[in-house]
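What follows is a set of notes on a single structure, which appears directly below.
The values are calculated or read from the model by the stated rules, or taken from the named source; none is laboratory data. Quantities reported herein were computed from a predicted structural model and do not represent experimental measurements. Note: ideal-geometry Cβ built from the backbone for every residue, glycine included; neighbour counts use all protein chains shown. For accessibility, only protein heavy atoms count, side chains too; no ligands or nucleic acids. Shrake-Rupley method; radii C 1.70, N 1.55, O 1.52, S 1.80 Å.
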Amino acid sequence: MQDTPAPEGGATSVRPPVPSLSPLVTLVLHEEIAPALGETFDRLAEGVLALSEQFTRRLAETAPSYLDDRALSQAYLAYYLPVNAAKVQALLDEMPDIDCAKKAPGDPIRILELGSGPGTALLPLLEWYAAASWRTNHPLEVVSVDRSAAALATSERLSDRLIRALEISTVTTRRVRADLERLTPESYCRQGHMGGPYDVIILANCLGELFRTARDPIARKTAFVQRWLGVLAETGTFMILEPALRPVTRALHQVRDGLLRDGVCMVYSPCLHDQRCPALVKDDDWCHEERVWTPPDWIPPIDRRVGFIKDTLKFSYLLLRKDGRTIVPRGPAVFRLVSELRDMKGEIRVWACNETGRPEVGRQDRLKRESNAAMDDCRRGDIVEMEALIGKPAKPGMTRLLRIPAEGSVRVLRQV
Ligand SMILES: C[S@@+](CC[C@H](N)C(=O)[O-])C[C@H]1O[C@@H](n2cnc3c(N)ncnc32)[C@H](O)[C@@H]1O
């Protein structure tokens, strides 16, 4: 993938603003949940705890239709939707812009939201569309698929309100109630729905709930993504977002490896290589994001009541493409930082991943120079070019430690 052009807008070393829900999305959502935040706050807090139990401990069970339950649905809207919407918003900003070159004026931009829930991705999507430079030339069509009729009804209410608030009349939204374990692109078309091609497909916090009780869940999940990749436009992006929980994230790594093995797509981001995921080598390892965000005002009081802290966006993700585009041109000196920086008394260290493997990279304080000082401000998720690293190949069972010498350089290509 060395010949991959720089992404739209080019690689950048400017840290993007801290994500937060926009004022309009906050307003629309607040209207929906205001009663639950008032008199029934205790019930809401109980619902958050029940959902947390569902999402973190009961991962092996078939997920019940919790969004059909009024109290749980309110808890989801108040506590989980905002954080998930902010994650989608961050990834919409990260993915390459829609390729309008081959579209005629008036051709729609088509988006498919699988496992949409109450329209979590649709809200940031509408804002993204409202701000798009190509909006005046292209209407937007979004299809949201979920098995929960109640969630789809909420999605319709929220998106209708946001469309009115944004004053965008060129949007069509549709809902399809279906079981994704059975629905295929072919049966979906037979029901009269648009078979694509879709410019963006979003599968947010849903893959982990699918095929849980299948004999080979990873094979089923991989085949599922592969099938829906079939209706992605050749220059489209398939976004998969999952919670940062270890088992769910490791399953995503395995699905990634399966898709790459079968050659059905490439990773645009986060990975900077197409080899097997190094996080799968050890059973207790996994690779995830952790980004700061500003939660809406009503989240900290819920946190205090239930004893959680939603002060960062923790997630794992894949942006998949079929055209081979990658977030930055790849190379042996270009790494993604996959851990926080650790201060080791006299040295800072970080885990970094690329086509050469996943070494730990350290820079001793005494060897800090202008050329490598950029390392001090790096964060998990940043993409950096590090040259002149020194170190020995790893012994079997040992991790490789590379060091940045005084003459080594660290250049930030992209910050999160
Ligand atoms: C955790 S929620 C995520 C909702 C939304 N995408 C988000 O990120 O907030 C998982 C969603 O997947 C849906 N889902 C789970 N299994 C499904 C299935 N077999 N068919 C259709 N939808 C399913 C649930 O109804 C729920 O709306």
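As a summary of the residue check, Thr26 satisfies the conditions (1) among the hydroxyl-bearing types (Ser, Thr, Tyr); (2) within 12 Å of the ligand (Cβ to nearest atom); (3) touching an Asp or Glu at 6+ places or on another chain (Cβ under 9 Å) except for the one numbered (2).
Can you tell me which residue is farthest from the ligand (Cβ to nearest atom) among those in segment 79-104 that are surrounded by 20 or more Cβ atoms within 10 Å (Cβ to Cβ) and charged (D, E, K, R)? Residue satisfying both the conditions and the ranking: Glu94. Once segment 197-207 is narrowed to residues that are in contact with a helix residue (DSSP H, G or I) (Cβ under 9 Å, 6 or more places away or on another chain) and within 11 Å of Leu112 (Cβ to Cβ), the residue that is farthest from the ligand (Cβ to nearest atom) is Tyr198. Restricting segment 208-223 to residues that are touching a Lys or Arg at 6+ places or on another chain (Cβ under 9 Å) and not in a helix (DSSP H, G or I), the residue that is nearest to the ligand (Cβ to nearest atom) is Leu210. Exactly one residue out of Ala233, Ala219, Ala223, Ala204 is at pLDDT 95 or above and closer than 21 Å to Thr120 by Cα: that is Ala204.
If the condition is being of a type in the set (Ser, Thr, Tyr) and open to solvent by 30 Å² or more (accessible area, probe 1.4 Å), then segment 226-281 contributes only Thr235.
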